[in-house]
Structures are given as C-alpha cells and as structure tokens.
Amino acid sequence: MVKILFVTVLTFSTLFSSEVITLYKSGGKKLLDSQMNSPAYWSGSLFNKDLRFGYFERAFSLLTCNKEKGLLELYTPDAQKRFSLKKRYSAFTGKNAGDKRVEGDLKTPVGIYTLTEKKRRVDPFYGPMAFVTSYPNLYDRIRGKNGDGIWVHGVPLSGSRDPFTKGCIAIDNNDLIQLDQSINPSNTLLIIDSTLKQGVNPSAYSAILAGLYQWKYAWTYNDIESYISMYDSSFKRFDGMNLGQFKAYKERIFAKDEAKTIALDRLNIIPYPGEKRNLFWVTFNQLYISDSHRFEGEKSLLVRLNANQSISILTEE
C-alpha cells in the first residue's frame, strides 16, 4: 500500500517507472485513481499548510474586507503559499448592513469575487481609478441577486463625502494607488464578509478533496448514479439547468461509454463567506478528453460539506 501511495504521488509529476507504466496499462490506473478518494490520502499533504483562508494550489493575492470593522486587508503568498499581511486600509462600505440582494439596496455584497477590470478613468467622485469586481458571481445569480457596479475605488478628488457607499468599497486615494502598485488584478481574490471566518479544521479540506476525486472517479469510469448522487437536489448550473435536466443531459453523454481522461490541477478551496458555515467555493483547471470532446479551462463549483463528510455540489460553471 505504501508503494501504491508513493507511486500515486509520482503520477502528478509524470515520474513513472517502467513497473508503474505496466501496472497502469494493465488496469492499475483505476486502482491508483481510487487511492485519491479517501480523506486519509489527503490528510498528510495538509500538514504545515497555511489554511487560514482556504486550501490553495494556485497562489493568489487576497483582499479581505471586514464590513463590520471597516477594514480592507491585503495578504500576499510566499513560494509555499503562506500568507502574510502586507497592508491594512480603512474602508467605507455600504450604508446599510447585511448582504446585497437587489440593485439600490445600499449594501455591500458578501462573497468571493475576482477583480475583472481596472478602470483608469472614472468620475472624480470615485478618486483616481477603480477596480471592478465580479459581483454578481455565479452563486449570487442562482440565488436571484442582482445589481452590478460593485467597485473598489477611492474618494472624491476634491470636497468630501459621506462615510459610507452605495455598496462599493472605498479607500483613501493614496492607499488605492499603493494597492494598485501591489497587486495583479487578474491574480487577486476579494473576500467580503461582516466577520471573516478563519481556521477551518484541516479535516474539512481532506474531506472535500476526497469528495472531488470521488466525483472525478465516477465521471471517469461512467458511474452515472454515483456521479449524480454528488449533486444537491437544489442544484442549478450556470445556464439555469436544474438537477433533473442536468441528469438527463449527463445520461446521454455517459451512455456513449467513452474512455475519458480527466485531470484536475491548481485546486483552490475557500470557505464561502456568510451565515452558512459549511459552503466552500472550489476552483480548478480541468482537462477533459474523450473521443467526442476535449475541454481545458477553469471550472468553479460551490459545494456543501455534509455532516457525514461527503460533499454536495450546489452549482457549477
């Protein structure tokens, strides 16, 4: 068993011995793949990892906004993906407390967002520039949240303003310029909450990683029942497809009984902000190859970690 686990690790760096290649070709691939379906497989790899903000295989700069305290903090990772606080900024957020639901409610959203654009020219009311966030994200949209134009911006170039916003995050102009010099917007995540949660038990990440590889295993080996069982009854895909429609769609694909190659890498698992404490935002790069289709690109899932340590997928894109 030790030898199998050791070889499984080597598969990720393609350091195959001739013995392993023989095993893989003779049906050992399925056995090797199955090793990754257990939380025990992953628990050792989490030792000494910085899990304060989540599990990261791809390094991001993190902006965390604590609405309750009026703080925006910048954390950057080192080569081992351990985060250190680089700067703390005082911040204005929405006039009204709570999570944004509809346009005009004067609330700053709670969630995980990317910075989709840097606006170099903005109305002087918003300072020298602004970063556009990805609100509403996929989870926001499937819950019917609307509105847009949630930015990280500055303060008026002249005059004064109220100590709150219509829903954006506003910081001092000099701080905004310093932030611009410190981050790559395309490689930065913004986490917004009233009180940021940290210190999730490492066992949660082991369980989620195992669940993701159980999902991949069922998908790879055309086990439609196990595959669909990992989707929540409330599931809604990015295009609005519900669980029944999604199952019918996948049954047509699985019926082809094609051999598949599916690889996941650059996995990130982040506790989702908000009242529910068992939701996690999962992103990864996916490679999918079959006789009839090929896909390579970013994929996102929102998963719930259940009491029995299984996962349920609520949405995907």
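Only the coordinates and a few stated rules stand behind these numbers; no lab work does. Quick caveat, the model's predicted, so the values are computed rather than measured. Note: ideal-geometry Cβ built from the backbone for every residue, glycine included; neighbour counts use all protein chains shown.
In the neighborhood of residue 78, defined by Cβ-to-Cβ distances under 15 Å, what is the net charge if each Lys or Arg adds +1 and each Asp or Glu adds -1? Local charge sum for residue 78: +4.
Shown here is the pair-distance distribution of the stretch 170-317: with all Cα-Cα distances grouped in 10 Å bins from zero up to the longest one, the shares run 10, 34, 32, 16, 7, 2 percent.
Using the Cα atoms of the stretch 79-229 to build a convex hull, what is its mean projected area in square nanometres?
12.0 nm²
Can you check what the net charge comes to around residue 106, using other residues whose Cβ is under 13 Å from the Cβ of residue 106 (Lys, Arg +1; Asp, Glu -1)?
+2
Residue pairs exceeding 20 angstrom between C-alpha atoms, taken from 81/216; 86/276; 30/299; 145/276; 67/299; 29/216: 81/216; 86/276; 30/299; 67/299.
Enter the angle in degrees (range 0 to 90, nearest 10) between the Cα long axis of helix 2-11 and the first principal axis of the Cα atoms of the chain, meaning the one along which they spread out most. The helix 2-11 is inclined about 60 degrees to the chain. Could you give the angle, 0 to 90 degrees to the nearest 10, between helix 243-254's Cα long axis and the longest principal axis of the Cα atoms of the chain? Between the helix axis and the principal axis of the chain, the angle is about 40 degrees.
Springs between Cα atoms under 10 Å define the GNM used for the chain, and in it the highest mean-square fluctuation of 102, 200, 303 occurs at 102. Under a cut-off of 12 Å between alpha-carbon atoms, report the aspartates and glutamates in cross-link reach of residue 250, not counting same-chain residues fewer than 8 places apart. Correct list for residue 250: 223, 225. Diffusion of the chain by Stokes-Einstein, at 37 °C in a medium of 0.692 mPa s and with Rh set to the Kirkwood radius over alpha-carbon pairs, works out to 154 µm²/s.
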